[in-house]
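Derivation of every value follows stated rules applied to the coordinates shown; laboratory data play no part. All values reported here derive from a predicted model rather than from experimental measurement. Cβ coordinates were reconstructed from backbone atoms using ideal geometry, including for glycine residues, and neighbour counts include every protein chain displayed.
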């Protein structure tokens, strides 16, 4: 299997945050825990291949996850609402997703390859 390097343009019309903004907001979210804030911003916050951050705190990530899970839930009997799912994820109280799901769920075409401005292969829904 071979991958073609594809430049992905930053999403327009979406709010982006600096590393510093996300770190400071996440430090408040994590009640001053510097390590938790830095790890979340560096590993799990939604970002594109240019390093633009689209999430300010884990609440934004939990909203992204809840939205995508609710979209799938609608295919089943007695689906949970996005708000019900968010309440389970919020503050990592009842559900703590593993790293892969936290970074991957709901990332329609935002990719990260490790090379600035280069993605391995576009993902489509």
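Some points to look at:
- Diffusion coefficient, µm² s⁻¹, Stokes-Einstein with Kirkwood Rh over alpha-carbon pairs of the range 48-90 at 25 °C and 0.890 mPa s: 219
- With 0.36 nm allotted per residue and the present C-alpha distance subtracted, the residue 77-residue 96 stretch has 4.4 nm of extension available.
- Here the gap between residue 15 and residue 52, fully extended at 0.36 nm per residue and compared with their Cα-Cα distance, gives a gain of 12.4 nm.
- Ranked by how many other Cβ atoms sit within 10 Å of their own Cβ, fewest first, the residues 28, 85 fall in the order 28, 85.
- Computed label-point distance, nm, for sites residue 84 and residue 39 using a 7 Å Cα→Cβ extension: 3.1
- Among 80, 61, a tally of other beta-carbon atoms within 10 Å of each Cβ gives an order, fewest to most, of 80, 61.
- Residues 92, 86 arranged by fewest to most Cβ contacts within 10 Å: 92, 86
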